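**Q** Below is the structure I would like to discuss, written out as structure tokens.
FYI, it's all coordinate maths here, none of it is from the lab. Keep in mind it's a predicted model, so treat the numbers as computed, not measured. Here the Cβ positions follow ideal geometry from the backbone for every residue, glycine too, while neighbour counts run over all protein chains shown.
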Amino acid sequence: MSKVMIIGAGGVGNVVVQKVAQLPDVFTEIVLASRTLAKCDAIAQNIDRPIKTVAVDADKVPELVALLLREKPLLVINVALPYQDLTIMDACLEAGVHYMDTANYEPLETAKFEYSWQWAYQEKFAKAGLTALLGSGFDPGATNMFTAYLAKHYFDEIHELDIIDVNGGDHGYPFATNFNPEINIREVTAPCRHWQDGEFITTEAMSRKASFTCPEEVGTFNIYRMYHEELESLTQHYPTLRRAQFWMSFGESYLKHLEVLGNVGMTGIEAIDFQGTKIVPIQFLKALLPDPSTLGPRTHGRTCIGCVVTGIKDGVEKTLYLYQIKDHQDCYKEVGSQAISYTTGVPAMIGAKMIVQGHWQKPGVWNMEQMDPDLFMADLNLYGLPWHLVEMNDFNLDH
Ligand code: NDP
């Protein structure tokens, strides 16, 4: 018996429900709960298995606890927004349910990305005998596993890590985000931080640019260094890392729009008074932008996300690149969504599978790389995200 409750019925929630539903022997019952019941029902009606749908406000712990006690799932898969992480963790503790998410907690009032709030739950989850798995999406998620897999099988010590997230897809809009616009814009406009010789160095957002040629003719892209949450846990769990950086590709049009929107205050996260009503500019902007879950039919091209790791094996230095390439239209054909939601939803399903099958049940709060990567990596190949590993001894982003 492994009943799961998925919380959040957005772009990622849609993919998670579909991938979970494809494995009836693993996930015997599915409940989909989110703020807007109609969105849950729209997802459920495309699935040829019974899915129970429920409206819930995940900001309200008592409401969530009552739902969890009524439904008694083994695990909650949290694919709502990062703002809900702590209330869902509190509810899971109270109801005795394992927990998993794809993004670290972020307070609504400040765009502050760190694991401290969730790591503080370590003792509570350990005492309750419950597992909390943090960040089982693609990045974080698969990227943590790629690093762990390389460190386990190919290196004695790892020294440099570059996580490179390229979206070579095009949706045809001058400006749209591939996942929740509010979360996306908060992330890319935050100051950049990268790990260098034992500390995080802060630089201005988007101030460091490089060019990267993806394998398999995906293309050559401008990538920009930015902060991403897996840098915090990976540098903690791999203390031999001397440098760790995260890079993401952005097109000219996206950057131009973001600059103008930022300059006029439209990306602000503090409420302003507008004709007697309080509005938060970034939330208003979200209402104007295309819903990421509708981009599937019009997005063409491929994503290419991977980790370049340099380290030592048997006294010899080498550099390896472990990557995954996914075609947007292939995702659309399979689950009706673009590749960003797909590449997040599949690792979420696999992380959930690892927990419900008992492989990763370990009381406490864990980042992905604290788990053994082998079964997870094998499942990526089986469930839609096959990966590749190449040697890359001429790798250099420093020019
Ligand atoms: P969406 O905005 O499309 O979906 C979020 C869903 O959560 C919506 O259904 C929304 O409901 C629901 N929700 C929001 N607040 C509440 C609440 N208080 N109670 C109940 N439900 C609520 O986001 P995405 O699907 O694009 O992203 C989902 C998560 O995945 C985010 O945390 C995002 O950061 C993460 N992510 C992780 C990635 C990774 O690789 N690790 C990559 C991409 C995303 P409503 O529809 O009513 O607003």
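**Q** Determine the shape class of segment 87-147: with a ≥ b ≥ c the square roots of the Cα gyration tensor eigenvalues, call it rounded for a/c under 1.5, and otherwise prolate if a/b is greater than b/c, oblate otherwise.
**A** Details: a/c = 2.06, a/b = 1.27, b/c = 1.63.
Since a/c reaches 1.5 but b/c is at least a/b, the shape of segment 87-147 is classed as oblate.
**Q** Please work out the C-alpha center-to-center distance from segment 1-67 to segment 151-168 and express it in whole Å.
**A** Here the answer is 34 Å between Cα centres.
**Q** Go through segment 235-276 and name the GluC sites (Glu not before Pro) that are in a DSSP coil and have 15 or fewer other Cβ atoms within 10 Å of their Cβ.
**A** Sparse-neighbourhood loop GluC sites (Glu not before Pro): Glu270.
**Q** Another question about this same structure. Just add up the charged neighbours of Ile223: K/R +1, D/E -1, any other residue whose Cβ is under 12 Å from the Cβ of Ile223.
**A** Values: positive: Arg208, Lys209, Arg225; negative: Asp162, Asp165.
Once positives and negatives cancel, what remains is +1.
**Q** Ok, one more. Which of the cysteines in the chain are isolated, no other cysteine C-beta under 4.7 Å?
**A** When partners are defined as cysteine Cβ atoms under 4.7 Å apart, the chain leaves Cys40, Cys92, Cys192, Cys307, Cys331 without one.
**Q** Follow-up. For Thr203 and Arg49, compute 0.36 nm times the residue count separating them, minus their Cα-Cα distance, and round to one decimal in nm.
**A** Taking Thr203 through Arg49 to full extension adds about 50.5 nm, to one decimal.
**Q** Mind listing the phi-derived Karplus ³J(HN,Hα) values for segment 93-104, rounded to whole Hz, using 6.51, -1.76 and 1.60 with θ = phi - 60°, and x for any glycine or proline?
**A** In residue order, the calculated couplings are 4, 5, 9, x, 10, 5, 10, 8, 9, 10, 8, 6 Hz.
**Q** A follow-up question, please. List, in order, the whole-Hz ³J(HN,Hα) value for each residue of segment 323-328 obtained from phi through the Karplus relation with A = 6.51, B = -1.76, C = 1.60 and θ = phi - 60°; use x for Gly and Pro.
**A** Here the 3J(HN,Hα) series is 9, 9, 10, 9, 8, 4 Hz.
**Q** For segment 291-399, what does the relative contact order come out to in percent, with C-alpha contacts under 8 Å and a separation of six or more?
**A** Reported as a whole number, the value is 30 percent.
**Q** Now for a separate question. State whether the chain is rounded, prolate or oblate according to the following rule on the C-alpha gyration tensor (a ≥ b ≥ c being the square roots of its eigenvalues): a/c under 1.5 gives rounded; otherwise a/b larger than b/c gives prolate, and the remaining case gives oblate.
**A** Cα axes put the chain in the rounded bin.
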